[in-house]
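The values are calculated or read from the model by the stated rules, or taken from the named source; none is laboratory data. Quick caveat, the model's predicted, so the values are computed rather than measured. Neighbour counts are summed over all protein chains in view; Cβ atoms, including those assigned to glycine, are modelled from backbone coordinates with ideal geometry.
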Amino acid sequence: MNSQEDIVIEGKNNYAPNDINRPVPSEDNAGNKKIGNGLSNILSRLLDFFSSVLLAISLFVLLAGASIIGTIIQQGEDPSKYIREYGERTYWWFHLFGLTDLYHNWWFTSLLVLLCVNSLACVYKRFPATWRSIINEKRDFSLKFVQNLKNHTQVTCNKSSAETGREIASLLSHKRYKVTVKESGDGIYLFATKGVWGRVGAHLAHISIMIILLGALIGGKLGYRNFGVILEGEQVFIPEGKFFLRLDKFWIDYYENGAVKDFYSKLTIIDNGKEVLTKDIQVNDPLAYKGIWFYQASYGDAFDRIDRARVAIKEKKTDKVVGDLVLDWQKEYKVPDLNMSLRMVSFVSDFAYNKEKSEVYTKSVEHNNPAVRVEISNGDGSVFTPWLFYNYPDLYDMKESKYKFELLGYLPHKYTGLQVAKDPGVNIVWVGSGLLMSGLLLSLFVFHKRIWVKVHGDGARAAIDIGGNTNKNHLDFEREYGKLINNIKEQSKEHKEK
Amino acid sequence: MNSFFLFDITFWLYFIAAILYIVYMVTNRVGELVPAGHPDGGSLRSKAVGQIATILTASGWVANTFALVARALEAKHAPYANLFESMMLMAWGIIIGYLILEYIYKIKIIGVFVVSLGFLTIAIASLLPFRYQTVEPLNPALQSNWLLIHVLVTFLGYAAFAIAFGLSIMYLLKERAEKKGLKYSFFMRFPDCIRLDELSYKSIAFGFPFLTFGIISGAIWANYAWGGYWSWDPKETWSLIVWFIYAAYLHARMTRGWRGRRTAIFSVVGFISVIFLYWGVSFILPGLHAYA
């Protein structure tokens, strides 16, 4: 006969396979049915509400829905942009419900707080029972208890009860159950348990949510995120840490195809007048000092200075190049042959001229119309300060001079873009995350399985009553239980053959 | 060997395997006494077809593995740094998940839905424009060991949800056939509803910690690369949305005792949001994850 059928016939398996939509008795309804006085009644109803799974499910769905809205409506833009895109009336509604900063508005935060309250109330309500089941395993039981279990099987074998008891105990401990054996006048009582810590999993996961949100709250209140740029050689004061940060060097690595491979900043921390720390940071490798982190975020060309400029000097009449020199920023450069000296004094990346103030300024930070101002001192004492335009070499003509000057090229001065962040809550978030992972793994993969066995009989024959249950994952447990029964049967068969 | 060649081999092996699983379903006449999908069911011929399908699937998975390894050697970084590569990883995850399911539960008919999902993933990837398929050097933000862990874990999670989706679709079809009393429908050859429901739940229970760790590892990485563990970037937000949906599913099933139709629909909705998280966010919503 097929051994699997045995179990179905012998065991009291009431599981109706077709009745799949039948709800499993919900743990929600268990307990808390006592009718107390008014206040405690209200409190217990409140606790029921705040600890209910239905609330949890509703909150998950609401949070998911709200988050979707937040990804559809661009967050944190300027009001004028929303008015342009959606119209004034719609923006009014957006503003009313805080939809333009959805993830930080009052109602989204309230949902998160409610989720916290919900998970903590659930721990508060259920943990005592969990704890009791952990410390008080049901080691003492009666035959009737075993026979009333949903999974219950009776096996008989031709062995003494003492030997059978030993065999089953070793079989169960081989399957990693923790076995307790009790012998009494009417037989042997075996209790086996494993995976009891799986029951703690859900509680850990619930507590972890609060810890993660707490970490986020601390980070949000006490931390900050800033962005700033530093030029090479420049030193900036970091008020939050009361120290200085200096950019020693910035450089870029390229792939062969010209794409940017990585970019680096050599940063030095100067605290109390002393250089305390130097590090080459790059994307994915920040510098941390006194809890403040400096991240390599971006880079760019300065709009108001350059490192070097290449200037050609031509004779007006012949258009012959008589000088080709590379000027360093604000350094004087002598040209003895022509009896003059040149000095680059200023730079703008997008030249513009303010008539009223008669001032040169840059229209943007883009290098659209770069121009360099050069101070040219001639041997006769006369000084000119012309602007040389990279895009328009012939624009500026110095009538007094027999030479003309051309800006052939320049090396931009790079700045580094640094993200500066301090987050005192981040480690709390990591602790919460670790707890969440362990809670999930325990709750989803470790199940509390218990087997109760009573062996009783007279000398040569023994009757075995086996029963078991689990807190979750019933189908797998039934499979495992079936295997266990088969093993026990095989053991009794072996004996028969001898 | 060239990774494209190996991806092609994988494509064809999964393709033939998926067809053979369908042939297996069609030819596998189920007797009164043998439950649907049971290894003892069906004729010898259909059994042979089923065996070949499994062998091809397993070989396809080996080819898929080699293709990923070859890609890693060619690119000199984790072989899942662009859309095409990540789809290869997803197919790899779906197929290994299926093979494990078949090994444990011996129900080949699931292959009709799950192996074809794996094939579909590869097929869509192969339809991508060629410039999406080639090896690209890593941009600075991706140059981290977290790429190896974060993407792998996340996609194993996606794969588990894909399997759960396939099983839930099977559940819905079977339940409908049962309700309508369609005795001779192919859908009646599917495993018991209770089994489909349970396996779908298991896939989600397996995928959920992967998704969670995917999010956490992403947060750790972001904390190193972007200067903060959470920025409400669309990818981050959608991963959280998917997390909320499956968290609701698990609570509904484990504690409220939801079973069957309701959870199957939940699982389908969950997977649709996974697809949006994967494709929709990359193509529709701009953000920091723009490269994936």
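Looking only at segment B:97-124, how many residues end up being touching a residue at least 60 places away in the same chain (Cβ under 8 Å) and away from chain A (no Cβ under 14 Å)? Adding up the residues that qualify gives 13. Taking the stated definitions as given, is B:Gly41 farther than 30 Å from B:Ala141 by Cα, modelled with pLDDT under 90, in a helix (DSSP H, G or I) and over 17 Å from the mean Cα position of the chain (by Cα)? Spelling it out, it is not the case that B:Gly41 is farther than 30 Å from B:Ala141 by Cα, modelled with pLDDT under 90, in a helix (DSSP H, G or I) and over 17 Å from the mean Cα position of the chain (by Cα). Scanning segment B:254-265 for residues that are surrounded by fewer than 23 Cβ atoms within 10 Å (Cβ to Cβ) and in a helix (DSSP H, G or I) gives B:Met254, B:Arg261, B:Arg262, B:Ile265. Selection of segment A:423-437 for residues being more than 17 Å from A:Leu120 (Cβ to Cβ) and within 10 Å of another protein chain (Cβ to nearest Cβ) yields A:Asp423, A:Gly425, A:Val426, A:Val429, A:Trp430, A:Ser433, A:Gly434, A:Met437. If the condition is being surrounded by 15 or more Cβ atoms within 10 Å (Cβ to Cβ) and over 19 Å from A:Ser341 (Cβ atoms), then segment A:366-407 contributes A:His367, A:Asn369, A:Pro370, A:Ala371, A:Phe389, A:Tyr390, A:Pro393.
Checking the structure you have, find out if any residue of segment A:213-221 is under 30 Å from A:Tyr299 (Cα atoms) and surrounded by fewer than 19 Cβ atoms within 10 Å (Cβ to Cβ). There is at least one residue in segment A:213-221 that is under 30 Å from A:Tyr299 (Cα atoms) and surrounded by fewer than 19 Cβ atoms within 10 Å (Cβ to Cβ). Residues in segment A:390-411 that are within 27 Å of A:Ile252 (Cβ to Cβ) and out of contact with any Lys or Arg (no Cβ under 9 Å at 6 or more places or on another chain): A:Tyr390, A:Asn391. Restricting A:Lys363, A:Lys404 to those that are of a type in the set (D, E, K, R), within 51 Å of the chain's Cα centre (by Cα) and more than 14 Å from every other protein chain (Cβ to nearest Cβ) reduces the list to A:Lys363. Applying the set (1) closer than 29 Å to A:Val326 by Cα; (2) outside the structural domain of A:Leu407 (by TED's automatic domain parsing); (3) crowded, with 19+ Cβ neighbours inside 10 Å to A:Val260 leaves exactly one unmet item: (3).
Quick grid of which residues meet (1) surrounded by fewer than 15 Cβ atoms within 10 Å (Cβ to Cβ); (2) in contact with a strand residue (DSSP E or B) (Cβ under 9 Å, 6 or more places away or on another chain); (3) among the β-branched types (Val, Ile, Thr); (4) not assigned by TED's automatic domain parsing to the domain that holds A:Pro239:
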| residue | (1), (2), (3), (4) |
| --- | --- |
| A:Thr278 | yes, yes, yes, no |
| A:Asp285 | no, yes, no, no |
| A:Gly291 | yes, yes, no, no |
| A:Ala297 | no, yes, no, no |
| A:Trp329 | no, yes, no, yes |
| A:Leu338 | no, yes, no, yes |
| A:Leu342 | no, yes, no, yes |
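Is it the case, given these coordinates, that B:Ile245 is more than 7 Å from chain A (Cβ to nearest Cβ) and out of contact with any Lys or Arg (no Cβ under 7 Å at 6 or more places or on another chain)? Judged against the criteria, B:Ile245 is not a match. Among the residues of segment A:283-290, is there at least one that is in contact (Cβ under 8 Å) with a residue 40 or more places away in the chain, of a type in the set (Phe, Trp, Tyr) and within 26 Å of A:Asp350 (Cβ to Cβ)? No; the residues of segment A:283-290 include none that is in contact (Cβ under 8 Å) with a residue 40 or more places away in the chain, of a type in the set (Phe, Trp, Tyr) and within 26 Å of A:Asp350 (Cβ to Cβ). Residues that are of a type in the set (Phe, Trp, Tyr) and touching a residue at least 12 places away in the same chain (Cβ under 8 Å) within segment B:224-243 comprise B:Tyr224, B:Trp226, B:Trp238, B:Trp243, listed in sequence order. Taking A:Ser208, is it farther than 30 Å from A:Arg461 by Cα, in a helix (DSSP H, G or I) and touching a residue at least 40 places away in the same chain (Cβ under 8 Å)? In short, yes.
Regarding A:Gly70, is this residue more than 14 Å from chain B (Cβ to nearest Cβ) and either surrounded by 15 or more Cβ atoms within 10 Å (Cβ to Cβ) or at pLDDT below 85 (or both)? Here the answer is no, as A:Gly70 does not meet what is asked. The set of residues from segment A:58-92 being over 29 Å from A:Ile209 (Cα atoms), in a helix (DSSP H, G or I) and free of Cβ contacts under 8 Å to residues at least 12 places away in the same chain comprises A:Ser80, A:Lys81, A:Ile83, A:Arg84, A:Glu85, A:Tyr86, A:Glu88, A:Arg89, A:Thr90, A:Trp92. Checked against (1) out of contact with any Phe, Trp or Tyr (no Cβ under 9 Å at 6 or more places or on another chain); (2) of a type in the set (Lys, Arg); (3) in a strand (DSSP E or B), A:Lys404 meets all criteria but (1). Looking at A:Arg246, is it over 30 Å from A:Phe127 (Cα atoms), among the basic types (Lys, Arg) and crowded, with 17+ Cβ neighbours inside 10 Å? Against the criterion (over 30 Å from A:Phe127 (Cα atoms), among the basic types (Lys, Arg) and crowded, with 17+ Cβ neighbours inside 10 Å), A:Arg246 qualifies.
Flag not set for A:Leu99, criterion: aliphatic (A, V, I, L, M), more than 30 Å from B:Tyr246 (Cβ to Cβ) and surrounded by 13 or more Cβ atoms within 10 Å (Cβ to Cβ).
For segment A:122-156, the set of residues classified as at pLDDT below 80 and within 22 Å of A:Glu490 (Cα to Cα) is empty. Counting the residues of segment A:393-424 that are under 23 Å from A:Thr318 (Cα atoms) and touching a strand residue (DSSP E or B) at 6+ places or on another chain (Cβ under 8 Å) gives 16. Of the helices (runs of 4 or more DSSP H) lying entirely inside segment A:93-183, the ones with 1 or more residues being closer than 30 Å to B:Leu240 by Cβ and in contact (Cβ under 8 Å) with a residue 60 or more places away in the chain are found at A:106-135.
Of the candidates B:Lys179, B:Lys174, B:Lys235, the single residue that is within 12 Å of another protein chain (Cβ to nearest Cβ) and either among the aromatic types (Phe, Trp, Tyr) or under 30 Å from A:Gly432 (Cα atoms) (or both) is B:Lys235. The helices (runs of 4 or more DSSP H) found entirely in segment B:82-201 that carry 2 or more residues being more than 21 Å from the chain's Cα centre (by Cα) are B:130-133, B:146-180.
Comparison of B:Ile265, B:Ile275, B:Ile204 shows that the only residue that is farther than 23 Å from A:Trp293 by Cβ, free of Cβ contacts under 8 Å to residues at least 12 places away in the same chain and more than 8 Å from chain A (Cβ to nearest Cβ) is B:Ile275.
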